[in-house]
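Okay, structure first, notes after.
The values are calculated or read from the model by the stated rules, or taken from the named source; none is laboratory data. Note that the structure is predicted; figures quoted are calculated from it, not measured. Here Cβ is always computed from backbone atoms with ideal geometry, including for glycine, and neighbour counts include all displayed protein chains.
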Amino acid sequence: MVKDALNDTAKKMKTSAEHFRKEIGMLRTGRANISIFEEIKVSYYGVLTPVNQVATVKVPEPTLIVIQPYDPSMLEPVDKAIRGADLGLNPLNDGKLLRVPIPPLDEERRREMAKKIGKMLEEEKTALRNMRREAKDFIEELEKEKEITEDEKFSGLEQLQKLLDETIAKTEELAAAKEKEILER
């Protein structure tokens, strides 16, 4: 039972860490990064679809993204979706594809982004700690109900703490790498 609780918590933490990775990946830096388009959706025959599923998205230069819709009629809707995404991007439409220049971030915006990453990291750590607390409460309840021994409880809690520490270390690494990328000129 302890093993099941640990496996379940490990899955939840992994999912949460993956979500965190995607979230900070979408933050715009001064460099071209196609992951910022993963959450921008466009109406494709009545269905909201991510831009990267209705078009080819390429990075030919560090400060330029080129988007070529598979269906030429999608050029205008993709253009509008990018402009409406509040990323500060202005695509250039040449009739066949969109060129999206990535403007450099000014110093104030870089500091804002770094603070935002710190806040996102703290929220992620809190979520992970809550997952640990839920599993800890469950394991302690098992011991209280005499379904597991005290040794099994302590072993489970030790493994749970190790799992939390590893997951937090990974998210801190991701956040530090993204912060470094943003603060570089």
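Annotations for the structure displayed:
- Residue in the range 13-24 that is in a helix (DSSP H, G or I), polar (S, T, N, Q) and more than 16 Å from the chain's Cα centre (by Cα) present: no
- The listed residues are GLU158, GLU181, and the only one of them that is within 30 Å of ILE36 (Cα to Cα) and part of a helix (DSSP H, G or I) turns out to be GLU181.
- Qualifying residue in the range 30-45 (condition: surrounded by fewer than 14 Cβ atoms within 10 Å (Cβ to Cβ), at pLDDT 85 or above and not hydrophobic (A, V, I, L, M, F, W, C)): yes
- Candidates are the residues of the range 106-121 that are of a type outside the set (Val, Ile, Thr) and within 14 Å of the chain's Cα centre (by Cα); the one that is surrounded by the fewest Cβ atoms within 10 Å (Cβ to Cβ) is LYS119.
- Selection within the range 79-105 - farther than 12 Å from ALA32 by Cα, touching a residue at least 40 places away in the same chain (Cβ under 8 Å) and exposed (fewer than 13 other Cβ atoms within 10 Å of the Cβ): GLY88
- Residue count, the range 57-78 (criterion: aliphatic (A, V, I, L, M), in contact (Cβ under 8 Å) with a residue 24 or more places away in the chain and in a strand (DSSP E or B)): 5
- Once the range 122-132 is narrowed to residues that are within 18 Å of the chain's Cα centre (by Cα) and aliphatic (A, V, I, L, M), the residue that is surrounded by the fewest Cβ atoms within 10 Å (Cβ to Cβ) is ALA127.
- Hits in the range 40-52 (condition: without any contact (Cβ under 8 Å) to a residue 40 or more places away in the chain and within 18 Å of the chain's Cα centre (by Cα)): PRO50, VAL51, ASN52
- If you go through the range 135-152 and keep only what is outside any helix (DSSP H, G or I) and closer than 21 Å to LYS12 by Cβ, you end up with just ILE148.
- Candidate set from the range 165-174 (those that are closer than 14 Å to GLU122 by Cβ and at pLDDT 95 or above); member that is surrounded by the most Cβ atoms within 10 Å (Cβ to Cβ): THR171
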